[in-house]
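A short write-up of the structure that comes next.
The values are calculated or read from the model by the stated rules, or taken from the named source; none is laboratory data. Keep in mind that this is a model prediction, so the values were computed, not measured. Don't worry about glycine lacking a Cβ; one is built from the backbone with ideal geometry, like all the others, and counts go over all protein chains shown. Side chains included, ligands, DNA and RNA excluded: accessible areas come from the protein's heavy atoms. Shrake-Rupley method; radii C 1.70, N 1.55, O 1.52, S 1.80 Å.
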Amino acid sequence: MPLTPFQKHKIRRLFSVLDVNRDGRVDRNDYIRRVQALARIGGWTEGSPEYERNLHAVLQEWESVRDSADLDDNGAVTVEEYLRYADIFLDDRDAVRAYARGDVQLLFDAIDTDGDEAITVDEYRAYLQACGVDASAADVFFAHADLDQDGYITRREMSHAVEEFLISEDPNAAGNFMFGPLPPEPTAAGESGGA
């Protein structure tokens with residue numbers, strides 16, 4: 001099933017987060033930089049078991065993206081290539097769930113510093129900063145995703161949010177606020193419109 005305009009809008013936002021060096025393409029180095037940023041939060045040293053485990057997982061993710069999306073085989077993926085990849089990937093609900101679990105594992109490994117299986121808004125702010133996202137987005141996300149309003153996001157809540165970000169058509173779904181409010185969707189004429 002082809003991506004809807006709203007899904008394309010969200011995938012473009014995800015791509016902008018993955019594009020760590022903001023050069024308009026995603027490559028292996030962007031994935032490595034993500035692990036390096038998370039290692040700074042988690043206090044992992046390069047070569048430590050935590051660093052190596054997460055680097056391995058992220059590079060497997062990159063290889064999957066590259067193998068499926070890098071159509072011109074140049075070692076990088078453009079936003080258009082990434083959208084084509086997402087169009088196929090998001091049809092496989094089991095793959096979406098597996099991706100959500102893996103992404104949440106990396107997130108919790110890095111930012112659940114006290115190991116209580118829940119993250120606070122401050123821990124999530126640190127994660128967003130590592131991703132190059134305005135840290136104030138953490139407050140917006142928690143307002144939507146902390147389903148039981150206990151001040152923590154559990155692995156279950158975060159996995160649910162990641163899946164919602166990828167597949168939900170509801171603009172108010174909690175997962176759609178993972179990186180703060182979505183920017184306005186471009187209109188057909190290329191201008192910004194309402195979201």
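Of note:
- Simple point charges give the picture: +1 on the Cβ of Lys and Arg, -1 on the Cβ of Asp and Glu, and for the chain a dipole about the Cα centre of about 320 debye.
- Note that the chain presents 49 Å² accessible area per residue, ligands and nucleic acids not counted, probe 1.4 Å.
- Protein accessible area in the chain, 1.4 Å probe - carbon and sulfur %: 50 percent
- Candidates ALA174, ALA161, ALA57, ranked by Gaussian network fluctuation over the chain, Cα under 10 Å, top entry: ALA57
- Ellipticity estimate at 222 nm from DSSP helix runs (n ≥ 4, -39,500 (n - 2.57)) divided over the chain, nearest 500: -18500 deg cm²/dmol
- Relative contact order for the stretch 7-66: 26 percent, from Cα pairs under 8 Å spaced at least 6 residues apart, divided by residue count.
- Shape of the stretch 54-151, Cα gyration tensor, a/c cut at 1.5: prolate
- Kirkwood hydrodynamic radius (C-alpha pairs) into Stokes-Einstein, the chain, 25 °C and 0.890 mPa s, D in µm²/s: 143 µm²/s
- For the chain, the relative contact order comes to 21 percent (Cα pairs under 8 Å, sequence separation of at least 6).
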